[in-house]
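**Student:** Please find one structure pasted underneath; my questions will follow.
The values are calculated or read from the model by the stated rules, or taken from the named source; none is laboratory data. Computed from a prediction, not measured in an experiment: that's the story for all the values here. No Cβ is skipped: glycine too gets one built from the backbone with ideal geometry, and neighbour counts run over all protein chains shown.
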């Protein structure tokens, strides 16, 4: 694709991401953190696999535009669901007295993982590297699927819960998928 089209798609992506992050504020309020994170991750995995398929067919202008469009959809979809929801989850998940420490450790771990991923992505896309092109969708789709499964198993729904209730539910070791049905008396100690 020519550089003008690529530049225009980059601008469109940035503008849509801004709008979709603001929409996520509304969705987080009504749908909940777990729902947005888990199902947003799953939908992104589906689009990443579609990107891999588009990268596997013979290269044409149509397949190139399909890969660019799917990349845009994945990027914008991520800003509607999992990306902003993760910030809310980080702020609510840890105990109040440990929140600054766990948030700092979480952000540090994010950067420790993210920096090598940036180099890996560049290497996978670069024609002088592995030159996977759109087939990178398979690689990132597989890692995204692992993250989806981990979130589905271990990420609780914290919408509508006070910090005290969240602490009590963690202390009781209530399984993540049972949080919405578990009743907590605010006067309980554990």
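**Student:** If the Cβ limit is 7 Å and pairs must be 6+ apart or interchain, which residue in the stretch 102-117 that is free of Cβ contacts under 8 Å to residues at least 60 places away in the same chain pairs with which residue that is part of a helix (DSSP H, G or I)?
**Tutor:** Listed by first residue and then by second, the contacts come to 103/90; 106/90.
**Student:** It is to be established whether one or more residues within the stretch 89-97 are surrounded by 13 or more Cβ atoms within 10 Å (Cβ to Cβ) and either closer than 16 Å to residue 39 by Cα or at pLDDT 90 or above (or both).
**Tutor:** Yes, because at least one residue in the stretch 89-97 is surrounded by 13 or more Cβ atoms within 10 Å (Cβ to Cβ) and either closer than 16 Å to residue 39 by Cα or at pLDDT 90 or above (or both).
**Student:** Here's a follow-up. Would you be able to tell me the number of residues in the stretch 148-176 that are in contact with a helix residue (DSSP H, G or I) (Cβ under 6 Å, 6 or more places away or on another chain) and under 25 Å from residue 53 (Cα atoms)?
**Tutor:** 1
**Student:** Which residue out of 21, 38 is touching a helix residue (DSSP H, G or I) at 6+ places or on another chain (Cβ under 6 Å), surrounded by fewer than 18 Cβ atoms within 10 Å (Cβ to Cβ) and modelled with pLDDT of 90 or more?
**Tutor:** So the residue among 21, 38 that is touching a helix residue (DSSP H, G or I) at 6+ places or on another chain (Cβ under 6 Å), surrounded by fewer than 18 Cβ atoms within 10 Å (Cβ to Cβ) and modelled with pLDDT of 90 or more is 21.
**Student:** Exactly one condition in (1) part of a helix (DSSP H, G or I); (2) out of contact with any helix residue (DSSP H, G or I) (no Cβ under 7 Å at 6 or more places or on another chain) is false for residue 128; which is it?
**Tutor:** (1)
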